[in-house]
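Undergrad: Would you mind keeping the following structure in view while I ask a few things?
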Amino acid sequence: MAGDAPRPRGFTLVYSLLALVALAWLLRAAGRAPHVPLWDWAPWQRWVPVVTMLPVCLILALAIARPNPFSFGGARNDCFDPERPGIIRLTRHPLLLALALWSASHIVPNGDLAHAVLFGTFACFALIGGVMIDRRKRRRMGDRWTRLTLSVGKTAPWPAVGDMNTVRRLAAGVLLYAVLIALHPRLFGVSPLP
């Protein structure tokens, strides 16, 4: 179908890098905005993103470069196996779920207006985006969307024990989490750890 044609890998890579640069710029801009407090800071608030980011990193690792005909983009969607959907069994939009969790968790320790607007916008985008993508995909895919959804819903929620691809992805998610913790002070000027 028009609009669902695969994009060259180079396009996706360049687009992703530009999106990360734009995100870093937005985060730095929010940090330099005039401070308008919405609530008082407390030490426990720091733990909300620290705890939440591990599942976020695991979701990202399980979702990236995985066939997903239900969501935007997706790699090799024609190879999607509804009997082995992986993370798609838990959510049709794992990347949007990761974005929603990341952004919502970062509102808590950044209790000022600029960060609330920034992270709140990302969280709303992620939640509304999933609904909008479902509507579009359901309309474009027709009965195939319903059949795939029902097939995926009948599978076991977790992959078989010993699935090495899943083990490697989970290990990559833990590594990503450790890298983010280590680089956070350099990238954003504040350590996420107490």
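The values are calculated or read from the model by the stated rules, or taken from the named source; none is laboratory data. Note that the structure is a prediction, hence the values are computed from the model and not measured. Please note: Cβ atoms are built from the backbone with ideal geometry, for glycine as well, and neighbour counts cover all protein chains shown. The protein model used for the area step is the full one, side chains on, heavy atoms only, and it has no ligands, DNA or RNA in it. Shrake-Rupley method; radii C 1.70, N 1.55, O 1.52, S 1.80 Å.
Undergrad: Would you mind putting 53-65, 124-136 in packing order, based on average other-beta-carbon counts within 10 Å, highest first? Don't skip to the end; give the middle numbers.
TA: Details: 53-65: 19.8, 124-136: 14.5.
Put in order of decreasing packing, that is 53-65, 124-136.
Undergrad: When the accessible area of the chain is split by element with a 1.4 Å probe, what percent falls to carbon and sulfur?
TA: Values: 8570 of 12370 Å².
About 69 percent, which is the carbon plus sulfur part of the accessible surface.
Undergrad: Still on this structure: List, in order, the whole-Hz ³J(HN,Hα) value for each residue of region 76-89 obtained from phi through the Karplus relation with A = 6.51, B = -1.76, C = 1.60 and θ = phi - 60°; use x for Gly and Pro.
TA: Result, rounded to whole Hz: 6, 4, 5, 8, 4, 10, x, 7, 9, x, x, 4, 5, 5.
Undergrad: Please check: in the Gaussian network model of the chain (C-alpha springs, under 10 Å), which one of ARG32, ARG66, ARG92 has the largest mean-square fluctuation.
TA: Sorting by GNM fluctuation, first place goes to ARG32.
Undergrad: What are the ³J(HN,Hα) values, in whole Hz, obtained from phi via the Karplus relation 6.51 cos²θ - 1.76 cosθ + 1.60 with θ = phi - 60°, for each residue of region 91-100 in sequence order, with x given for Gly and Pro?
TA: The phi angles translate into 7, 6, 10, x, 5, 5, 4, 4, 4, 5 Hz.
Undergrad: List the residues whose amide H sits under 5 Å from the amide H of ASP112, counting only those 5 or more places along or on another chain, with H placed 1.01 Å from N in the peptide plane.
TA: LEU38
Undergrad: A follow-up question, please. So how do PHE122, PHE70 rank on accessible area, 1.4 Å probe, biggest first, that is with the largest at the start?
TA: Working: PHE122 45, PHE70 0 Å².
Largest accessible area first, the residues go PHE122, PHE70.
Undergrad: Given the -39500 (n - 2.57) contribution per DSSP H run of 4+ residues, what per-residue ellipticity at 222 nm results for the chain, rounded to the nearest 500 deg cm²/dmol?
TA: Values: 6 runs with 120 residues, N = 194.
Helix contribution divided over all residues of the chain: -21500 deg cm²/dmol.
Undergrad: Using all Cα-Cα distances in the chain, what percent lands in each 5 angstrom bin from 0 up to the longest?
TA: Bins of 5 Å from zero give 1, 7, 12, 18, 19, 15, 12, 8, 5, 2, 0 percent of pairs.
Undergrad: Moving on to the next point. Evaluate the Debye formula for region 30-83 with equal point scatterers sitting on the alpha carbons, no solvent, and hand back log10 of I(q)/I(0) at q = 0.28 Å⁻¹, in q order, two decimals.
TA: Treating every Cα as an identical point scatterer, log10 I(q)/I(0) equals -1.09.
Undergrad: From the phi of every residue in region 44-58, what ³J(HN,Hα) in whole Hz does the Karplus formula 6.51 cos²θ - 1.76 cosθ + 1.60 yield, where θ is phi - 60° and glycine or proline is x?
TA: Result, rounded to whole Hz: 5, 4, 4, 6, 4, x, 4, 6, 5, 5, 5, x, 4, 5, 5.
Undergrad: What accessible area per residue comes out for region 92-194, rounded to a whole number of Å², with a 1.4 Å probe? Each step should come with its number before you reach the end.
TA: Numbers: 6180 Å² over 103 residues.
Each residue of region 92-194 exposes 60 Å² on average to a 1.4 Å probe.
Undergrad: In degrees from 0 to 90, rounded to the nearest 10, what is the angle of the helix 164-188 Cα long axis to the longest principal axis of the chain?
TA: 20
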